[in-house]
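Have a look at the structure below, then the notes.
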Amino acid sequence: MSEGDWIASYDGSSENCLIVFNGTIEERHTSETGRYTVSRVYSRGHVILPPGFRPDRLDQISRVAVTPCEVGETKTSIFWNYLLSRPELTQFFLAQCVEDLDEIMSRLVDANLVPVRERLRRELLKRANEQGSGQAAKIHIRSHDEFAAYLGANRETVSREISRLSRLGAIETSRGHILVTNVERLRTVS
């Protein structure tokens, strides 16, 4: 699957689950105005179960590849039977579910209680630390709209905060990426 491909449609007929071998997939919830928020991010090793069928929400939830992906598909019943026959896999899957639930709850709390300024700073630090590159880390973003949706904020606020961090010398921006030029400065800026 290519970047931008829709992973699933929700007509209620799918009995299949997906297994992510490589890549990143976002689960997006879209409002009536067309604005969306990223509620979950799936990556290598995640199992994506079909959503419960809710006719009132068919057009509000989508899963989209944000990087090129390799995804396997199987009937959900086969997945459950296999999982139940292998206790070590069941334990792994349950641990992953708890981890995912923790992430969802953290994102929900952040979206409601933590100012956008702090969410943006934390996310840039997290992504810079994941690269392990010390003082400079290049963070790819497709657009301010998508980055804002990931943070659960509006584009204007995120753009304003990115400009502020740039003026403070913590980051530099160019089309398609943010370069964290001073991790220490980003850590201490408020």
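The values are calculated or read from the model by the stated rules, or taken from the named source; none is laboratory data. These figures come from a predicted structure and were not determined experimentally. Cβ coordinates were reconstructed from backbone atoms using ideal geometry, including for glycine residues, and neighbour counts include every protein chain displayed. Note: areas computed on protein heavy atoms with side chains; ligands, DNA, RNA excluded. Shrake-Rupley method; radii C 1.70, N 1.55, O 1.52, S 1.80 Å.
Looking at region 157-171 only, could you name the residues that are open to solvent by 40 Å² or more (accessible area, probe 1.4 Å), hydroxyl-bearing (S, T, Y) and within 25 Å of Y36 (Cα to Cα)? The answer is S163, and nothing else. Restricting the first member to region 156-185 and to residues that are in contact (Cβ under 8 Å) with a residue 24 or more places away in the chain and within 19 Å of P115 (Cα to Cα), and the second to residues that are part of a helix (DSSP H, G or I) and of a type in the set (G, A, S), the beta-carbon pairs closer than 7 Å and six or more apart or on different chains are V158/A148.
Pairs are defined by a Cβ separation below 8 Å, a sequence spacing of at least 6 or placement on different chains, a first member in region 106-126 that is modelled with pLDDT of 85 or more, and a second member that is open to solvent by 40 Å² or more (accessible area, probe 1.4 Å) and not in a helix (DSSP H, G or I); the pairs so defined are R117/S190.
Go through the residues of region 90-113 one by one and say whether even a single one is under 23 Å from T24 (Cβ atoms), surrounded by 11 or more Cβ atoms within 10 Å (Cβ to Cβ) and in contact with a Pro (Cβ under 9 Å, 6 or more places away or on another chain). No, because not a single residue in region 90-113 is under 23 Å from T24 (Cβ atoms), surrounded by 11 or more Cβ atoms within 10 Å (Cβ to Cβ) and in contact with a Pro (Cβ under 9 Å, 6 or more places away or on another chain). Whether any residue in region 47-63 is modelled with pLDDT under 90, outside any loop (DSSP other than H, G, I, E, B) and more than 24 Å from G152 (Cα to Cα) is what I want to check. Checked region 47-63: at least one residue is modelled with pLDDT under 90, outside any loop (DSSP other than H, G, I, E, B) and more than 24 Å from G152 (Cα to Cα). Check whether at least one residue in region 144-156 is among the small types (G, A, S), surrounded by fewer than 15 Cβ atoms within 10 Å (Cβ to Cβ) and on the phi > 0 side of the Ramachandran plot, and report yes or no. Within region 144-156 (the criterion being among the small types (G, A, S), surrounded by fewer than 15 Cβ atoms within 10 Å (Cβ to Cβ) and on the phi > 0 side of the Ramachandran plot), the answer is no, since none of the residues qualifies. Candidates L179, L165, L186: the one that is outside any helix (DSSP H, G or I) and more than 25 Å from Y42 (Cβ to Cβ) is L179. Answer yes or no: is there a residue in region 156-167 that is of a type outside the set (D, E), at pLDDT below 85 and either in contact with a Phe, Trp or Tyr (Cβ under 6 Å, 6 or more places away or on another chain) or under 29 Å from V189 (Cα atoms) (or both). No, the conditions are met nowhere in region 156-167. In region 66-89, of all residues being assigned to a helix (DSSP H, G or I) and in contact with a Cys (Cβ under 7 Å, 6 or more places away or on another chain), the one that is farthest from E27 (Cα to Cα) corresponds to F79.
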